[in-house]
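What follows is a set of notes on a single structure, which appears directly below.
Rule-based calculations on the coordinates, nothing more; no lab input. None of the values given here were measured: they were computed from a predicted structure. Glycine also receives a Cβ, built like all others from the backbone with ideal geometry; neighbour counts cover every protein chain displayed.
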Amino acid sequence: MLSLMQSEVRKQNGVYYTPEGVAASLVRWAVRHPTDRMLDPSCGDGRFLALHRESTGVEQDSYALPKATAGAPWATIHRGDFFTWAERTNQRFDCAAGNPPFIRYQRWTGDIRQRALALCSRHGANFSSLSSSWAPFLVATSTLLKKGGRMAFVVPAEIGHATYAVPLLEYFAGNFSVVLVIAIQDRVFSGLSEDCWLLYADGFGGSTDHIRLTQRQSFCYDPQVPQDFERVSLTDWRHWRSRLRPFLLPGAIRSFYRELADGPTTVRLGDVARVGIGYVTGANSFFHLRPSEAERAGIPQRFLHPSVRNGGTLPRAAVTHATVRAWLNQDKPVLLLRIGDGQTLPSAVVRHLQTSEATQAKQAYKCRMRDPWYVVPDVHVPDAFLAYMSGHEVAFVANSAKCVCTNSVHTVRLNNGVSVEALRRGWSSSLARLSCEVEGHPLGGGLLKLEPREAANLVLPNVRKAELRPLRLLDEGTEIMRQWRHYGQRT
Ligand SMILES: C[S@@+](CC[C@H](N)C(=O)[O-])C[C@H]1O[C@@H](n2cnc3c(N)ncnc32)[C@H](O)[C@@H]1O
């Protein structure tokens, strides 16, 4: 039995083993001849190695190594970091198969990451430091293939939308003659909220001008790669901001959306407004007071600004004075302690900044990093708020009460001459709904996330020119995209 700590460490290192049917499918496709040399760069308990005798694995988890050796006694298994080994080895392989560790950039730090990114860069794949580990793993693996070699891997569904998947797919198209992605709607790993797809690449040393994309409802064992694929030309893929996700839509819906987006009756949100993030205090519970606390401390009104603390508190249409009154009557902690740089502080505020809560807040990372620690930067009054994590509809809410907001919601500041009412009308259209699904991206558990740069791409009808009646084709597209993010399904 693993201790809680061991299992936490293993989670951090992306230790999720592949279901046997999936491993078998990938190996059966990758290995064409019994003498083919196969590499699994992160072999875990060796379940890929156990499927082929001429196999080599690398693994850094000492807990997994004995299992790998027991399961595949014929295999050569190297202990340690794959990138270090990859830089030094002269060995070359006919094929590779496996499931790379999925460690997000916040946790994937230090020497190993540096070495990985440098190695990929030498081979023409330039990943930023915001890349998750799996993408550089795949590039580094490909560099150990013989000419004509192939690889088959489990990949997170983020390959369909993440910014860091762009250098990966560009590299694969530039170095393999066939690149195939199988998008699988149902979960491949039970107990993991992450969706997984499959990536196959053949003919190392060649290149291609398109990516093959196949959609499957659920995983099915198949030692052949599917022949029912859509040919996504790189030109088309780049036009869709180098994302495969929009290609999950049927062609007719995708073309209609693009026609509308490129036509004269629509605008991109980024053309009429600036979308940004709310402020970061570093110590939310200290900086947000309840009316009763503010009164007890004697803090003057001019140092208190009503704030939207999170998307869940947003009403449907507008944050009005009545909304704020209701929050205050319920004694909600919504009053931001808002102190301007260089502002003269009355004694009540000075006292408040000397309480034990203040001493504790001062130690928070963000507070330590700024001077003075109690001046929260980037506090703006936006024209509207935009939810950035949503279940069903994405809320776009007018800010009639001139509140501020934390970084749990986005701020929308309109360009001159644009009215919030007009944007809100456009927001209720079929086009805007589909656009949220196409331009945003799924998070585990059915949620849709919209980063500010994604929100800027949202397509809205220009209400002066366009019809707002529901458009069946677009609504159908929204439904399809919601199925891909499992909205409303039990997780
Ligand atoms: C998703 S698991 C896959 C294991 C196995 N291939 C499978 O699919 O069942 C990823 C593995 O990568 C290993 N790993 C993480 N970072 C590594 C590194 N830098 N070098 C080698 N292995 C690493 C983890 O310990 C983990 O066993």
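Tally Lys and Arg at +1 and Asp and Glu at -1 over the other residues with C-beta under 13 Å from the C-beta of Y279: what net charge comes out?
+3
Ordered by packing density, taken as the mean number of other Cβ atoms within 10 Å over each peptide's residues, highest first, how do 427-435, 349-357, 65-73 rank?
On the way: 427-435: 23.3, 349-357: 14.1, 65-73: 16.6.
Going from most to least packed, we get 427-435, 65-73, 349-357.
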Practice problem: Among S25, S255, Y374, pick out the residue whose Cα is farthest towards the positive end of the charge dipole of the chain, where Lys and Arg carry +1 and Asp and Glu carry -1 on C-beta, about the Cα centre. | Solution: Y374
Exercise. Specify which residue in the list F287, G446, F127 is farthest towards the positive end of the charge dipole of the chain, using unit charges on the beta carbon of Lys, Arg (+1) and Asp, Glu (-1), about the Cα centre.
Key: F287
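What is the magnitude of the charge dipole of the range 4-247 about its Cα centre, with +1 placed on the Cβ of each Lys and Arg, -1 on the Cβ of each Asp and Glu, and no other charges, expressed in debye to the nearest 20? Can you show the working numbers first?
On the way: 27 positive and 23 negative charges, 71 e Å.
Taking the Cα centre of the range 4-247 as origin, the dipole is about 340 debye.
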Self-check item: Computed over the range 4-247, Cα set: Rg, Dmax in Å
Solution: 16.5, 49
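With +1 assigned to the C-beta of every Lys and Arg and -1 to the C-beta of every Asp and Glu, and no other charges, what is the dipole magnitude of the chain about the Cα centre in debye, to the nearest 20?
Values: 58 positive and 44 negative charges, 164 e Å.
For this selection, approximately 780 debye.
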Practice problem: Can you tell me the 0 to 90 degree angle between the C-alpha axis of helix 430-439 and the longest principal axis of the chain, rounded to 10? | Solution: 60 degrees
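Nothing charged except the Cβ atoms of Lys and Arg (+1) and of Asp and Glu (-1): what's the magnitude of the dipole of the range 179-232 about its Cα centre? Round to the nearest 20 debye.
Values: 4 positive and 8 negative charges, 2 e Å.
Approximately 20 debye in magnitude.
Distance check, please: which entries in K147/K449; K332/K402; K67/K147; K366/K402 exceed 29 angstrom between their Cα atoms?
Details: K147/K449 40 Å; K332/K402 17 Å; K67/K147 32 Å; K366/K402 25 Å.
Among K147/K449; K332/K402; K67/K147; K366/K402, the Cα-Cα distance tops 29 Å for K147/K449; K67/K147.
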Exercise. For a quick protection proxy, order the peptides 446-453, 225-232 by their average other-Cβ count within 10 Å, most packed first.
Key: 446-453, 225-232
Quiz prompt | Dimensions in Å of the chain - Rg and Dmax from alpha carbons | solution = 26.1, 82
